[in-house]
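Have a look at the structure below, then the notes.
The values are calculated or read from the model by the stated rules, or taken from the named source; none is laboratory data. Keep in mind that what you see is a predicted model, and the values were worked out from it rather than measured. Here Cβ is always computed from backbone atoms with ideal geometry, including for glycine, and neighbour counts include all displayed protein chains. Protein only, heavy atoms only, side chains kept; ligands, DNA and RNA dropped before computing areas. Shrake-Rupley method; radii C 1.70, N 1.55, O 1.52, S 1.80 Å.
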Amino acid sequence: MAYTVPVRKLLSGRFNVERIPVNSTNSARLLAGLDEWINREYDVIHFNAGLHDLKRVPNPAEVMLEQDSIEGGERWIEPAAYRENMRNIMRRLKMGGARVIVATTTPVPPEARHRMAGEEQTYNAILRSEAKGNSVEINDLRRFILPFLSAAQRPRDVHFNETGSLLLAGQVAAAVLARATPARRS
């Protein structure tokens, strides 16, 4: 959410950048909302899901609000369900003919609330596998942002400061530009 406006500015005059009207939270809710939120043709769709999926919550079947998370609860969406959700999201998005790009989940730092450091790597492995199997391109935001973490990520938080949001926006805009037109290489 924090890099949408900078992406919009970076792509101004070339693309109309839209965002779904809510925080989809996890992959199950994203999948459930696709027909409502993606209801016309797009040239490029760039999306991500994962940070909420691996979040620890008291009762995954009932929780819907950010404040309902707790330390040491169950993951909101377990890896097997995440795999199925990502497979279905990718297939659904590709049906419209858009170039689909999925971003990897950015790092979960030590002491981040409601999440376990490094657990994003399990979800990213699933994402990579499903992207490959569905011919969806990957924007590796995790790898991109790693060298900048100390200056870009809020301490003990999965969210990014303004510098981090601008860096991520630049990477997202570059991914969209690179994939929106036919390859320029010979």
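Worth a mention:
- With at most 10 other Cβ atoms within 10 Å, longest stretch of the chain clear of loop trypsin sites (Lys or Arg not before Pro) (DSSP): 41-183
- Between helix 162-180 and the chain: long-axis angle, C-alpha atoms, 0 to 90°, nearest 10: 40
- Per residue, the chain exposes an accessible area of 55 Å² to a 1.4 Å probe, with every protein chain left in place.
- In Å², nearest 10: area of Ile20 left accessible to a 1.4 Å probe: 40
- Counting only heavy atoms of the protein chains and using a 1.4 Å probe, His46 has close to 50 Å² of accessible surface.
- Between the listed residues His46, Ser165, Ala175, the Cα displaced farthest toward the positive end of the dipole of the chain, a dipole computed from Cβ unit charges relative to the Cα centre, is found at Ala175.
- Fraction of accessible area attributable to carbon and sulfur, the chain (%, probe 1.4 Å): 51
- Helix 27-37 vs. the chain, principal-axis angle (Cα, 0 to 90°, nearest 10): 40
- Calculation over all alpha carbon pairs of the stretch 76-186 in 5 angstrom steps from 0 returns a P(r) of 2, 11, 19, 20, 20, 16, 9, 3, 1, 0 percent.
- Kirkwood Rh in Å, taken over the chain so that all alpha-carbon pairs contribute: 17.0
- Computed [θ] at 222 nm, helices only, for the chain once each DSSP H run of length n ≥ 4 contributes -39500 (n - 2.57): -12500 deg cm²/dmol
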